[in-house]
């Protein structure tokens, strides 16, 4: 039996322990019964971002975006489709830099869209500019190979 993982519920914020031999994509929160991996990117604010970074034991891919950004809106459907592809392996999330400017400053986000992949609370890789889904998926796979996710 493989080690269990701690997953944060995107709906209520509860920490859930999931046995390693169970598929994470099908896991539900023990408190609120919501899916721990919805089939779409989750919306983060500054507080939920910090909590996911500190408590979640799956890689976290954050799309730093802004509602006024045309390339961000163009990339949104590709990001959502990629989230379905990596469901249970990577948590896909969106963070509006206008709503959480302190997080964007902390990670020196210079332009949007910028995607940053975090693993074990640390930045693993980043890429700026809109990406089509196949290119985004290859980029995620390439950087996950080093994590052993």
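At-a-glance table
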item	result
Candidates 71, 77, 134 - the one that is surrounded by fewer than 17 Cβ atoms within 10 Å (Cβ to Cβ), outside any loop (DSSP other than H, G, I, E, B) and out of contact with any helix residue (DSSP H, G or I) (no Cβ under 9 Å at 6 or more places or on another chain)	71
Positions within the range 52-68 being over 16 Å from residue 144 (Cβ atoms) and outside any strand (DSSP E or B), in sequence order	52, 53, 54, 55, 66, 67, 68
Hits in the range 137-149 - residues which are outside any loop (DSSP other than H, G, I, E, B) and loosely packed, with under 14 Cβ neighbours inside 10 Å	138, 142
Residues of the range 24-44 satisfying the condition of being buried (at least 18 other Cβ atoms within 10 Å of the Cβ) and part of a loop (DSSP other than H, G, I, E, B)	27, 29, 36, 37, 41
Pairs with Cβ under 6 Å, 6+ apart, first in the range 55-66 and on the phi > 0 side of the Ramachandran plot and free of Cβ contacts under 8 Å to residues at least 40 places away in the same chain, second in a loop (DSSP other than H, G, I, E, B) and buried (at least 24 other Cβ atoms within 10 Å of the Cβ)	none
Any chance residue 100 is out of contact with any strand residue (DSSP E or B) (no Cβ under 6 Å at 6 or more places or on another chain) and closer than 25 Å to residue 26 by Cα	no
Hits in the range 94-114 (condition: crowded, with 19+ Cβ neighbours inside 10 Å and either without any contact (Cβ under 8 Å) to a residue 12 or more places away in the chain or touching a helix residue (DSSP H, G or I) at 6+ places or on another chain (Cβ under 7 Å) (or both))	95, 97, 100, 103, 112, 113
Options 82, 108, 104; residue that is over 29 Å from residue 18 (Cβ atoms) and part of a helix (DSSP H, G or I)	104
Residue tally, condition under 13 Å from residue 97 (Cβ atoms) and surrounded by 14 or more Cβ atoms within 10 Å (Cβ to Cβ), over the range 45-68	7
Whichever residue in the range 1-23 is in a strand (DSSP E or B) and in contact with a helix residue (DSSP H, G or I) (Cβ under 9 Å, 6 or more places away or on another chain) and, among such residues, is nearest to residue 94 (Cα to Cα)	8
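Each reported figure results from applying straightforward, stated rules to the coordinates on display, with no laboratory input. Computed from a predicted structure; not experimentally measured. All Cβ positions, glycine included, derive from the backbone under ideal geometry; neighbour counts span all protein chains shown.
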